[in-house]
Amino acid sequence: DIVTTDKLLYTIVKTIVKDKHTTNYMFKDRQSEINFKFTYDSLNNISKKDLFIYVGPGFEIWMDSFIDKLDKSKVGIINSSRGVKLLSYDHPVKYKNITVNENPYYFMDIDNYKIMLVNIKNAVQDKDPKNRSFYEKNFSDELKSLQDYESDLKSIDKDLSDYKFITLNENLRYFTNYNNFKLLNITSNNN
């Protein structure tokens with residue numbers, strides 16, 4: 001049994017495990033994820049799983065205290081961001097009394113996304129080594145589809161090199177940096 005924090009991560013995990021394992025996610029939308037207040041029941045439910053996979057660096061603002069309280073005797077806890085190159089926010093984001101300094105949308109950079117996939121694949125293989133070749137094939141297939149996507153994106157990049165993109169926050173910064181887009185960031189602090 002695998003559980004992820006949200007549907008996006010669930011979809012990514014499914015590229016590796018397909019239908020071989022029961023895979024679920026905790027939140028269907030970002031707002032529910034941000035406002036989550038865990039209970040004994042939620043801790044108990046996750047503690048019974050084989051793998052709990054989360055996005056990492058501030059994406060789930062409650063994660064550190066949640067992990068501290070999990071019963072880790074069964075569940076493997078995987079931070080899918082391990083080893084990615086993180087960007088700091090120019091304007092840290094505040095959620096009530098928590099400040100997030102690192103931009104958690106690292107998976108919008110294809111190189112970081114590949115690292116995320118490796119982390120997920122390795123975690124699943126560690127729990128289910130007899131199906132190692134199945135996960136390797138799915139991982140390889142996903143990398144091939146990423147090559148096509150990268151190629152398409154690079155051809156678009158050339159056409160967009162003279163444009164400047166306007167964003168309302170820093171969440172797309174990995175994507176814009178990866179593609180060398182010229183960026184004008186308009187935060188809520190600017191007129």
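The values are calculated or read from the model by the stated rules, or taken from the named source; none is laboratory data. Here the structure is a predicted model, which is why all the values come from computation and not from measurement. Methodologically, a virtual Cβ is constructed for each residue, glycine included, from the backbone with ideal geometry; neighbour enumeration extends over all protein chains shown. These area figures cover heavy atoms from the full protein model, side chains too; ligands, DNA and RNA do not enter into them. Shrake-Rupley method; radii C 1.70, N 1.55, O 1.52, S 1.80 Å.
Can you find a residue that is outside any helix (DSSP H, G or I) and modelled with pLDDT of 95 or more anywhere in region 112-127? No; the residues of region 112-127 include none that is outside any helix (DSSP H, G or I) and modelled with pLDDT of 95 or more. Exactly one residue out of LYS37, LYS20, LYS14 is closer than 18 Å to ILE61 by Cα and of a type in the set (Lys, Arg), and it is LYS37.
Of the residues making up region 14-28, those that are open to solvent by 40 Å² or more (accessible area, probe 1.4 Å) and either outside any loop (DSSP other than H, G, I, E, B) or in contact with a Lys or Arg (Cβ under 8 Å, 6 or more places away or on another chain) (or both) are LYS14, ASN24, TYR25, MET26, LYS28. With respect to the conditions (1) more than 22 Å from the chain's Cα centre (by Cα); (2) within 22 Å of LYS18 (Cα to Cα); (3) open to solvent by less than 60 Å² (accessible area, probe 1.4 Å), ARG132 lacks only one, and its number is (3). Please work out if ASP6 is touching a helix residue (DSSP H, G or I) at 6+ places or on another chain (Cβ under 9 Å) and either surrounded by fewer than 14 Cβ atoms within 10 Å (Cβ to Cβ) or small (Gly, Ala, Ser) (or both). It is false that ASP6 is touching a helix residue (DSSP H, G or I) at 6+ places or on another chain (Cβ under 9 Å) and either surrounded by fewer than 14 Cβ atoms within 10 Å (Cβ to Cβ) or small (Gly, Ala, Ser) (or both).
Looking across region 47-76, the residues that are aliphatic (A, V, I, L, M), outside any loop (DSSP other than H, G, I, E, B) and open to solvent by less than 10 Å² (accessible area, probe 1.4 Å) come down to LEU51, ILE53, MET63. Residues in region 32-52: is at least one free of Cβ contacts under 8 Å to residues at least 60 places away in the same chain, under 30 Å from PHE134 (Cβ atoms) and in contact with a helix residue (DSSP H, G or I) (Cβ under 7 Å, 6 or more places away or on another chain)? Within region 32-52 (the criterion being free of Cβ contacts under 8 Å to residues at least 60 places away in the same chain, under 30 Å from PHE134 (Cβ atoms) and in contact with a helix residue (DSSP H, G or I) (Cβ under 7 Å, 6 or more places away or on another chain)), the answer is yes, since at least one residue qualifies.
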